[in-house]
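Engineer: What follows is a single structure, and I will ask about it in a moment.
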Amino acid sequence: MKSIKDVYKIGKGPSSSHTMGPFKAVRHYMENHPDTYGLHVILYGSLAATGKGHLTDIAIEEAFATWRYSEKETLENKFKRSGDVTIEWMPKENLQIHPNGMKIASVNYDGDLYDKWTYYSIGGGDILCMECPIETDDDDNLYDMTTMTDIMDWCNRTGKSYWEYVEDIEGKNSDVWSHLELVWKVMQEAVERGIENEGVLPGPLNLRRKALSYHVRAFGQGDTFKTRGLVFAYALAVSEENAAGGTIVTAPTCGSCGVLPSVLYHMKKRYNFSDARIIKALATCGLIGSVVKHNASVSGAEVGCQGEVGVACAMAAAAVAQLMGGSPSQIEYAAEMGLEHHLGLTCDPVCGLVQIPCIERNAYAAARAMDAGIYALYTDGRHRVSFDQAVKVMKQTGHDLPSLYKETSEGGLAKAIDQKPI
């Protein structure tokens with residue numbers, strides 16, 4: 001199992017699989033074809049079906065255009081290459097390995113194509129290349145234990161917590177901790193930008209930002225309603241920043257990026273937790289996300305929104321339980337509830353945008369994460385359905401879902417409401 005850094009990627013929204021992944025794929029291709037004149041890109045399945053709403057074409061064009069300013073490109077090639085990017089959309093055709101498939105080919109001066117490579121954007125900003133393995137800084141086999149049950153047993157046996165397991169595996173002085181510090185900084189900045197920004201989000205839905213108004217109204221409520229209102233506001237803030245193409249952290253994806261920051265930001269403000277304690281919670285949450293990525297998927301195109309918002313809710317619920325002094329068993333129970341009660345959740349973005357129902361869904365999941373964390377603390381941590389069982393069911397449920405409910409905008413809410421500009 002990879003480093004928990006793999007769960008938290010910093011980048012621009014609105015989609016880790018449809019924006020970050022294709023951007024990374026083009027950059028990887030250019031690293032291996034620095035003298036190409038132009039590019040021809042074919043998008044398949046979910047990438048093609050909702051790519052325009054997720055700004056996939058813009059990400060591809062930006063990746064190609066900015067390569068000429070990369071330190072990796074030679075000065076000679078910067079002036080040699082001036083061709084364009086052409087994109088072909090194939091929403092009804094899927095490649096073999098994953099619904100988010102794409103092919104990239106070089107174009108020479110005469111317009112001929114050559115050296116076509118196949119890529120898959122597998123969720124959370126991760127990509128696969130069939131012709132050339134993606135080089136990473138992380139060891140794929142860093143963690144020997146890949147289930148929450150085994151890790152929880154280790155915690156109970158040693159008396160340590162989940163974040164200490166991360167420290168034990170990745171090192172007390174490794175860059176994972178500096179990465180988590182940066183992750184927390186970017187998360188807070190996204191919340192604070194989002195609760196100040198106003199206006200209409202990009203796209204044909206003409207959807208207005210709501211975070212600022214929720215934040216203002218929350219302070220006029222009693223304690224219980226105020227708490228919920230603030231959690232809603234923070235989640236909306238980050239999700240709206242993501243929808244507008246702002247800088248956010250995948251947790252575990254762009255589409256679910258508002259859940260964990262909102263809960264952590266609220267816990268810090270409400271209970272005055274130190275940044276050090278928040279970062280330890282982030283380590284635990286990263287461990288949970290890693291277990292899901294290793295054993296199932298966080299890609300909406302592969303398993304639906306249960307793998308995005310459901311996993312984000314599980315991560316945030318675990319954070320609540322840990323910050324409030326929960327035992328390893330209670331933390332695992334909180335994560336299990338966060339995921340279990342999102343099982344079967346479809347991915348059906350209206351107009352292919354990460355706006356409806358995604359933004360509101362982040363706010364709702366953040367509140368459910370708070371509830372799951374609190375619920376677990378009332379128990380002794382014992383329960384019938386384990387987190388690992390919930391992950392296994394989520395994977396099977398995702399495979400059983402028809403493709404129209406997995407980020408293609410061909411079913412569900414995407415077809416139930418009018419998609420014309422409001």
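Engineer: Of all residues in the range 155-174, how many are modelled with pLDDT of 95 or more and surrounded by fewer than 17 Cβ atoms within 10 Å (Cβ to Cβ)?
Structural biologist: Step one: list which residues in the range 155-174 are modelled with pLDDT of 95 or more, which gives 155-170.
Adding the requirement that they be surrounded by fewer than 17 Cβ atoms within 10 Å (Cβ to Cβ) leaves 156-160, 168.
Looking only at that region, the number is 6.
Engineer: Now a separate question. Do we find that residue 141 is of a type outside the set (A, V, I, L, M, F, W, C), in contact (Cβ under 8 Å) with a residue 24 or more places away in the chain and not in a loop (DSSP other than H, G, I, E, B) in this structure?
Structural biologist: Working: of a type outside the set (A, V, I, L, M, F, W, C): yes; in contact (Cβ under 8 Å) with a residue 24 or more places away in the chain: yes; not in a loop (DSSP other than H, G, I, E, B): no.
In short, no.
Engineer: Another question about this same structure. So residue 393 clears everything in (1) under 28 Å from residue 207 (Cα atoms); (2) aliphatic (A, V, I, L, M); (3) in a helix (DSSP H, G or I) except one condition, right? Which one?
Structural biologist: (1)
Engineer: So which residues in the range 263-310 are farther than 20 Å from residue 183 by Cα, in a loop (DSSP other than H, G, I, E, B) and more than 13 Å from the chain's Cα centre (by Cα), if there are any at all?
Structural biologist: Within the range 263-310, the subset farther than 20 Å from residue 183 by Cα is 270-271, 294-297, 299-307, 310.
Those still in the list that are in a loop (DSSP other than H, G, I, E, B) too: 296-297, 299, 304.
Hit for the range 263-310 is 296, nothing else.
Engineer: What is the one condition in (1) under 14 Å from the mean Cα position of the chain (by Cα); (2) free of Cβ contacts under 8 Å to residues at least 60 places away in the same chain; (3) within 21 Å of residue 383 (Cβ to Cβ) that residue 330 does not satisfy?
Structural biologist: Result: residue 330 passes all but (1).
Per-residue answers, yes or no, for (1) aliphatic (A, V, I, L, M); (2) under 16 Å from the mean Cα position of the chain (by Cα); (3) closer than 24 Å to residue 205 by Cα:
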| site | (1), (2), (3) |
| --- | --- |
| 24 | no, yes, no |
| 30 | yes, no, no |
| 37 | no, no, no |
| 41 | yes, no, no |
| 58 | yes, no, yes |
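Engineer: Right, something else. Taking the range 200-225 as the search range and keeping residues that are at pLDDT 95 or above and of a type in the set (Val, Ile, Thr), which one is most open to solvent (accessible area, probe 1.4 Å)?
Structural biologist: Among them, the one singled out is 216.
Engineer: Is there a residue being more than 30 Å from residue 334 (Cβ to Cβ), of a type in the set (Lys, Arg) and either under 20 Å from the mean Cα position of the chain (by Cα) or open to solvent by 70 Å² or more (accessible area, probe 1.4 Å) (or both) anywhere in the range 90-110?
Structural biologist: Taking every residue of the range 90-110 in turn, at least one turns out to be more than 30 Å from residue 334 (Cβ to Cβ), of a type in the set (Lys, Arg) and either under 20 Å from the mean Cα position of the chain (by Cα) or open to solvent by 70 Å² or more (accessible area, probe 1.4 Å) (or both).
Each row is one residue, and each column tells you yes or no for (1) in contact (Cβ under 8 Å) with a residue 40 or more places away in the chain; (2) of a type in the set (Gly, Ala, Ser); (3) within 24 Å of residue 288 (Cβ to Cβ).
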{"residue": "220", "(1), (2), (3)": "no, yes, no"}
{"residue": "227", "(1), (2), (3)": "yes, no, yes"}
{"residue": "240", "(1), (2), (3)": "yes, no, no"}
{"residue": "246", "(1), (2), (3)": "yes, yes, no"}
{"residue": "253", "(1), (2), (3)": "yes, no, yes"}
{"residue": "257", "(1), (2), (3)": "yes, no, yes"}
{"residue": "260", "(1), (2), (3)": "yes, no, yes"}
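Engineer: With the condition kept exactly as written, say whether any residue in the range 44-51 is modelled with pLDDT of 95 or more and over 23 Å from residue 359 (Cα atoms).
Structural biologist: yes
Engineer: Name the residues in the range 52-67 that are at pLDDT 90 or above and within 26 Å of residue 402 (Cα to Cα), would you?
Structural biologist: Listed by number, the residues that qualify are 56, 57.
Engineer: Return the residues of the range 226-262 that are in a strand (DSSP E or B) and open to solvent by less than 10 Å² (accessible area, probe 1.4 Å); say none if nothing qualifies. Break it down stepwise before answering.
Structural biologist: Within the range 226-262, the first condition is being in a strand (DSSP E or B), and the residues that meet it are 247-249.
248, 249 - these are the residues of the range 226-262 that are in a strand (DSSP E or B) and open to solvent by less than 10 Å² (accessible area, probe 1.4 Å).
The values are calculated or read from the model by the stated rules, or taken from the named source; none is laboratory data. Because the structure is predicted, anything quoted here is derived from the model rather than measured. Every residue, glycine as well, gets a Cβ built from its backbone with ideal geometry; the counts of neighbours run over all protein chains shown. For the accessible areas, the whole protein counts, side chains as well, though only heavy atoms, and no ligand, DNA or RNA atoms are used. Shrake-Rupley method; radii C 1.70, N 1.55, O 1.52, S 1.80 Å.
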